[in-house]
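In what follows, a single structure is set out as structure tokens and then discussed.
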Amino acid sequence: MKKILVVEDDEKIAMLERDYLESSGYEAVLLEDGGKVISELKQNHYDLVLLDIMLPGRSGYEICRQIRSEIDIPILMVTVRTESVDVIRGLGLGADDYITKPFDPSQLVARVRTHLRRYDRLTGREEKEKQGDGKIRGEMW
């Protein structure tokens, strides 16, 4: 089962993201303090990060930059900031995608699924995870 770290300080949004991810077959762990993200990623294995920009402790931009320099993992920014400069900055710092709030939870899950597949294909994890029956662990299809 793929494990997603949801970094979001708005409890309602975090729970919505978690519920949709879990109903789609993912394990979701919630974290609201931006200052704890890097240590959490280093202590536990995650397959993808959903990262808000405006967080207590540290900004999502700073976190994205540090993750990208230390850990190879897909990062999807989920934020209310919709200005072009914010999108460009987030993608420029290494985010793989930028999702604006409010969002359709089903589309969020579809983007998570797409980025996980792409990452697995690009890193060769897809071949390593194949089982004898030809299926890939963690895939729902």
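The values are calculated or read from the model by the stated rules, or taken from the named source; none is laboratory data. Predicted, not measured: the structure shown is a model, and the values here were computed from it. Neighbour counts are summed over all protein chains in view; Cβ atoms, including those assigned to glycine, are modelled from backbone coordinates with ideal geometry. Please note that ligands, DNA and RNA were not included when accessible areas were found on the heavy atoms of the full protein model with its side chains. Shrake-Rupley method; radii C 1.70, N 1.55, O 1.52, S 1.80 Å.
Annotations for the structure displayed:
- Where only DSSP H runs of four or more residues are counted, the chain gives -13500 deg cm²/dmol as its mean residue ellipticity at 222 nm, each run worth -39500 (n - 2.57).
- The value of relative contact order for the chain, using C-alpha pairs under 8 Å at least six residues apart, is 21 percent.
- Per residue, the solvent-accessible area of the chain (1.4 Å probe, heavy atoms of protein chains only, all protein chains present) comes to 54 Å².
- Counting 0.36 nm for each residue step from E70 to E11 and taking away their Cα separation leaves a gain of 18.5 nm.
- Packing here is the average count of other Cβ atoms within 10 Å per residue, and on that basis the peptides 57-67, 95-105, highest first, run 57-67, 95-105.
- Couplings for region 81-98, taken from phi via the Karplus curve 6.51 cos²θ - 1.76 cosθ + 1.60 with θ = phi - 60°, read 6, 10, 5, 3, 4, 5, 4, 4, 5, x, 5, x, 7, x, 5, 8, 7, 9 Hz in order; Gly and Pro are left as x.
- Percent carbon-and-sulfur accessible area, the chain, ignoring ligands, DNA and RNA, probe 1.4 Å: 48 percent
- Estimated FRET transfer efficiency when R0 is 25 angstrom, pair Q107-V85 (beta carbons, to 0.05): 0.60
- Angle between the chain longest axis and helix 11-23 axis [Cα atoms, degrees, rounded to 10]: 10 degrees
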